[in-house]
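In what follows, a structure is listed as structure tokens, so that the remarks can point back to it.
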Number of protein chains: 2
Amino acid sequence: MQSLMVNVMIPPFSFARIPHIIFGAGKLNELYNIIPKFGNNVLFVIGGRSLQQSGIWDEITSNLERKSINFSSTSISSEPSPLLIDEVATKFRDKALNLVVGIGGGSVNDAGKSISAMLTKNDSIKNYLEGVGDKTHDGKKIPYIAIPTTSGTGSEATKNAVISEVGPDGFKKSLRHDNLIPNIAIVDPQLMISCPSSISAACGMDAFTQLLEAYVSSKGNPITDTFAYSGMKYMAENLLLACSTGSSDVNVRAAMAYGSLLSGITLANAGLGIIHGLASPIGGMFKIPHGVICGTLLSEATKINIEMLQKLGSEGRKRLKKHAQIGALLTGKYHVEEGMIYQYCSKLIETLEMWTNELKIDRLGKYGIKSEDVEKIVEKAGLKNNPVNLTTESIKTIILNRL
Amino acid sequence: MQSLMVNVMIPPFSFARIPHIIFGAGKLNELYNIIPKFGNNVLFVIGGRSLQQSGIWDEITSNLERKSINFSSTSISSEPSPLLIDEVATKFRDKALNLVVGIGGGSVNDAGKSISAMLTKNDSIKNYLEGVGDKTHDGKKIPYIAIPTTSGTGSEATKNAVISEVGPDGFKKSLRHDNLIPNIAIVDPQLMISCPSSISAACGMDAFTQLLEAYVSSKGNPITDTFAYSGMKYMAENLLLACSTGSSDVNVRAAMAYGSLLSGITLANAGLGIIHGLASPIGGMFKIPHGVICGTLLSEATKINIEMLQKLGSEGRKRLKKHAQIGALLTGKYHVEEGMIYQYCSKLIETLEMWTNELKIDRLGKYGIKSEDVEKIVEKAGLKNNPVNLTTESIKTIILNRL
């Protein structure tokens, strides 16, 4: 029985650099040997409370003191706004920092990346945000080390930092440059064990969304394909476990951290689809965690994408092979017979729906989004590198089915 | 039917950075836009003749002149020696170069990397070679762009440069540092079309050896596994074609170039095995192309490795799953049933033997290696990260069977 492969012809592609990755339980401790290579004056960007409450921050500071490393810290308690980044950059601009280290979830690492990039400038980050300002960042930054504590955004491996201003005219836009890819990513699954189930669930769904959107993206290449497939394999086997009986199992957390890391690498190189095209306006207009937006839209958007591809006849069927491969993967199968494409596509949708229910991913209505908001959201939405063109009506359907 | 996967638990690992990769037919032309970003004073390291004969070098120089880029060039006609690197580095050390660009096979790119690293020093490269000198290179270098014209060593993605002194006390040793990974790799399969069959064959076997040794290495991780597997998939489908009827097909060359690139990334992060552990002393003692050494030893060494693992009982059988996965891959199957491990291992050996014959890979005897040399070769050989321990006798058998 011959299996079915895609992408036999290799299209031209560009692959940005990836951070130096240090992966494994306990690897946080490498930090104290790495810092002196950059210098002795470090700014830590950390989250609101959990790092302090878990005792990890105390452990870090006493290690830094023992090593006579000069450090300051700043705390980020929500998705970063331009005002916040400007304030921190202004405060530390003349402090001759050698290194910025971010330890936290996606918001913390996006803030850390932005700060490291804005320390070298003399104006507001607003001027450099895509679709907001009229300047292009030149990539000059203070070296940055990313240490994720959730398995979600993959921010430890991406070249962009998402900055939000929430409100009726709000936005969620990126500061982006190849050189914003962190110098080093220390991925220590032990740091993720204290992450609560609801956050692990939303983050996990976000990472899986990134992997799936990159895998079926119109801009993918064999390297992003192989990364995305590997990441989904590990996440599929561990997502439900990480949010339930396996939440304290460091191997389960390692698999999730691996998937999340690869999701960052793949999205940076293959782009994303309609789910992230919607996450941007929804996150700008409403106060709702990014992971929840992606998680709640994942199965619906996948269903609509598959339906639209089915309508395209034989060309669509060809392009559905990649969805089918992931449907097969989710049932533990690593090959797709030619006659099984539609069945495995259905399996993909079913599994994503099951995850959405099992993980109790919130519906959008819970955050005050109403049917009358949908028009405005869709106006601002982008298709990004979605594998198929979508009508305005079908994009509306995705949101309406998740209100 | 459930497939069989390995490496479900993710071990701790470190993954070095990779070059910024620009891949595709015609991408050489990007060079002229990239150079000015580094500066206006460039040293080109090129091969002996083929680049000139194909007219590509003329095209490059006229483009450089049109863009008013100052350039010098130096030509490398064999595997680089310490003397050669020292001479070039001395000649160009005070020329305030902004960039070194290497266009050629593995020897040219290893030379280019070494020169870019030795321009920043004031002494001989011998002092910095592993197992030869007593100094450690600090990684400071002039930025380096690698442009391969063969699909072989993967040097465009590795952190080491192999330097050879041939003779009875000869050596083949590496200058190695994470920072020697090229800044950019431009992989343009059009440049490989003029590569003769015998060189394509030896280079292709070398790249496949690197992928297989990294895949079964004791130091692998899920990222190197997924890269190695993807590289072997494309190479397996295109190796024989690239050396015969498909040699002018840019898609065939692209698949080979992709496999070779990934072989460099994987070997840099997962290490190699007994074949490369033998290539080092053989290449130091005899004038024989590196690709021929690896190609000629590939099937024999794989056979011995599999035999030794079979002798280890259930533990060995577990470790043989990875060999079996590649045996399956070579027959177009992407899954291995539990009861089929030994059959697929045999299939792997058979296919490698078939390739060796079809590609007419030279035996070692052709280069003057005799049975009385084997003792001395084995004395100097290293196991590297071979998946199983080998006795001196079994290592001798590998060579004797290929004299």
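Annotations for the structure displayed:
- Other-chain or far-sequence residues with amide H under 5 Å of B:VAL187's (modelled H): B:ILE22, B:PHE23, B:GLY24
- Contour excess over end-to-end distance, with Cα ends at A:MET9 and A:ASN127 and 0.36 nm allotted per residue: 38.4 nm
- For B:SER72, label point 7 Å along C-beta direction: distances to other copies, nm: 4.6
- Sequence-ordered 3J(HN,Hα) estimates for the stretch B:216-227 from the Karplus curve with 6.51, -1.76 and 1.60 and θ = phi - 60° stand at 9, 4, 6, 10, x, 9, x, 6, 5, 4, 5, 5 Hz, glycine and proline given as x.
- Working note: Karplus 6.51/-1.76/1.60 with θ = phi - 60° gives the stretch A:309-317 the couplings 5, 4, 5, 7, x, 5, 5, x, 4 Hz, where Gly and Pro are set to x.
- Computed from backbone phi with θ = phi - 60° and the Karplus coefficients 6.51, -1.76 and 1.60, the 3J(HN,Hα) list for the stretch A:159-164 is 9, 10, 10, 8, 10, 10 Hz; x is used for glycine and proline.
- Position B:GLN52: other-copy label points at 7.0 nm, ordered by increasing distance, label point 7 Å along Cα→C-beta.
- Each label was represented as a point 7 Å from its Cα along the Cα-to-Cβ direction; for B:ASN389 and A:LYS376 these points are 7.1 nm apart.
- Pairs of alpha carbons in the stretch A:197-400 whose separation is greater than 21 Å (percent): 49
- For residues of B:372-384, the mean tally of beta carbons on other chains within 10 Å: 0
- Taking chain B as a Gaussian network of alpha-carbon nodes connected by springs under 10 Å, the highest mean-square fluctuation of the residues B:PRO168, B:PRO36, B:PRO222 belongs to B:PRO168.
- Size of electric dipole in the protein assembly as shown: Cβ of Lys, Arg +1 and of Asp, Glu -1, about Cα centre, debye, nearest 20: 400
- Cβ-vector label at 7 Å, A:GLU130, separations to other copies in nm: 3.9
- Charge dipole of chain B about the Cα centre (unit charges at C-beta), most positive-ward option of B:PRO222, B:ASN401, B:GLY48: B:PRO222
- Fluctuation leader among B:SER77, B:SER197, B:SER218 - chain B, Gaussian network, Cα springs under 10 angstrom: B:SER77
- Computed over neighbours whose Cβ is under 13 Å from that of B:ILE369, the net charge equals +3, Lys and Arg +1, Asp and Glu -1.
- Between the listed residues A:PHE13, A:SER371, A:ILE275, the Cα displaced farthest toward the positive end of the dipole of chain A, a dipole computed from Cβ unit charges relative to the Cα centre, is found at A:PHE13.
- Listed residues A:GLY264, A:GLY106, A:GLY332, most fluctuating in chain A (Gaussian network, C-alpha, under 10 Å): A:GLY332
- Take each peptide in A:325-331, B:95-101, B:310-316, count the other Cβ atoms within 10 Å of every residue, and average; sorted highest first, the result is A:325-331, B:95-101, B:310-316.
- Applying 1/(1 + (r/R0)^6) with r as the Cβ-Cβ distance of A:SER198 and A:LYS140 and R0 = 30 angstrom yields a FRET efficiency of 0.20.
- At R0 = 25 Å, FRET efficiency that the Cβ-Cβ distance of B:SER346 and B:LEU241 yields, to 0.05: 0.55
- The Cα trace of the protein assembly as shown gives Rg and Dmax of 26.6, 86 Å, the first to one decimal, the second as a whole number.
- Furthest towards positive pole of dipole, A:SER73, A:THR136, A:PRO148, structure part the stretch A:66-152, Cβ charges: A:SER73
- Entries of A:LYS37/A:LYS113; B:LYS121/B:LYS380; A:LYS140/B:LYS37; A:LYS140/A:LYS173 with Cα pairs more than 21 Å apart: B:LYS121/B:LYS380
- Solvent-free Debye calculation, one equal scatterer per alpha-carbon of the stretch B:280-335: log10 I(q)/I(0) at 0.25, 0.28 Å⁻¹ equals -0.95, -1.03.
- Our summary of shape: the Cα atoms of chain B have principal axis extents of 64, 44, 42 Å, ordered from largest down, in whole angstrom.
- Inter-chain Cβ neighbour average for residues B:18-29, partner chain, 10 Å: 4
- Given charges at beta-carbon only (K, R positive; D, E negative), |dipole| of chain B in Debye: 460
- Span from the the stretch A:65-110 Cα centroid across to the the stretch B:360-403 one, whole angstrom: 56
- Across B:LYS91/B:LYS172; A:LYS172/A:LYS347; A:LYS172/B:LYS141; B:LYS172/B:LYS396, pairs whose alpha-carbon gap is larger than 28 Å: A:LYS172/A:LYS347; A:LYS172/B:LYS141
- Cβ-based net charge around A:THR153, under 10 Å, with every Lys or Arg adding one and every Asp or Glu removing one: -3
- Dipole magnitude of the stretch B:29-69, debye to nearest 20 (Cβ charges: Lys/Arg +1, Asp/Glu -1, about Cα centre): 100
We did not get these values from a lab; they are worked out from the coordinates using the rules stated. Note that the coordinates shown come from a computational prediction; the quantities given were computed from them, not determined experimentally. Please note: Cβ atoms are built from the backbone with ideal geometry, for glycine as well, and neighbour counts cover all protein chains shown.
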